[in-house]
Amino acid sequence: MIFLLFNIQNFTLKDFDGKSYDIKEELKGNVVIIDFWASWCKPCIKMMPFLDSIYIKYKNSNLKIFGICVDTKKSISLAKSIWNKNNFSYTPLWDWDNSVMEMLGVKEIPHIFIVYGDGEILYKKEGYDEKEREAFEDTLRKIIVRNIIENSKGGKDE
């Protein structure tokens, strides 16, 4: 079973090129993975290729992934360098003042959320363990199927 943990509040962040993304707009008809990371976080960097493979596999199933970087202004150039060197396919966002991180109660990174519908957080996890990749993907697949079914009905049941 997948249970609602809590609803996400709306927020807007910019990507590394300055384009703004509004989370509530991005959620419309989509499942969204939010991953908090930083250039100095080795487990974060280790998890990013896995998330990229997930994005490539499911992007045509209304999946979006946002890698929210929590680096400071002093270290953002290193974060951008890591991102560009690896040529990740999903979207990097920058939470330069950690306001979104604080809003969601993130204390440790990596920290991942699966968000769906009107902002329903159905999954959250701190840390990264390669042994849990299959279980994560299984949970994600169930949420994607649920999203596809509800989109085909014209929205969630009231």
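No value in this document is a laboratory result; all are computed from the given coordinates. What you see is a predicted model; the values in this text were computed from it and never measured. Cβ: placed from backbone, ideal geometry, glycine included. Neighbour counts: every protein chain shown.
Looking at the chain as a GNM with Cα springs under 10 Å, which of K131, K28, K107 has the largest mean-square fluctuation?
Fluctuation is largest for K131.
State, as an integer percentage, the relative contact order of the range 6-152 based on alpha-carbon contacts under 8 Å between residues 6 or more apart. Can you show the working numbers first?
On the way: 234 pairs, mean separation 46.4, N = 147.
Relative contact order here is 32 percent.
For F11, what charge total do you get from the other residues with a beta carbon under 12 Å from its beta carbon, if Lys and Arg give +1 and Asp and Glu give -1?
Details: positive: K14, K24; negative: D22, E25, E26, D95, D97, E102.
The answer is -4.
Comparing K73, K125, K14, which has the greatest mean-square fluctuation in the GNM of the chain with Cα pairs linked when under 10 Å apart?
Checking each option, the largest mean-square fluctuation is seen for K73.
Mind telling me which of P110, P92, P43 comes out most flexible in a GNM of the chain, alpha-carbon contacts under 10 Å?
P43
With a 10 Å Cβ neighbour count serving as the proxy for reagent exposure, in which order, fewest first, do L5, L93 appear?
L5, L93
Can you compute the FRET efficiency between Y21 and S99 using 1/(1 + (r/R0)^6), with r the Cβ-Cβ distance and R0 = 22 Å? Round to the nearest 0.05. The partial results should precede the final answer.
Values: r = 14 Å, r/R0 = 0.66.
E(calc), rounded to 0.05, equals 0.95.
Starting from the Cα of E134, step 7 Å along the direction of its Cβ; do the same at T72; then give the gap between the two resulting points in nm.
Result: 4.2 nm between the two label points.
From the phi angles alone, apply the Karplus equation (6.51, -1.76, 1.60; θ = phi - 60°) to the range 61-67 and give each ³J(HN,Hα) in whole Hz, x where the residue is Gly or Pro.
My calculation for the range 61-67 gives 10, 6, 9, 10, 10, 10, x Hz in order.
Which value in deg cm²/dmol, rounded to the nearest 500, describes the helix-derived mean residue ellipticity at 222 nm for the chain, given -39,500 (n - 2.57) per DSSP H run of n ≥ 4 and division by the residue count?
Calculated mean residue ellipticity at 222 nm is -11500 deg cm²/dmol.
Test of understanding: what is the full-extension gain from N60 to T12, defined as 0.36 nm times their sequence separation minus their Cα-Cα distance?
Details: separation 48, 0.36 × 48 = 17.28 nm, distance 2.37 nm.
The N60-T12 span can extend by a further 14.9 nm.
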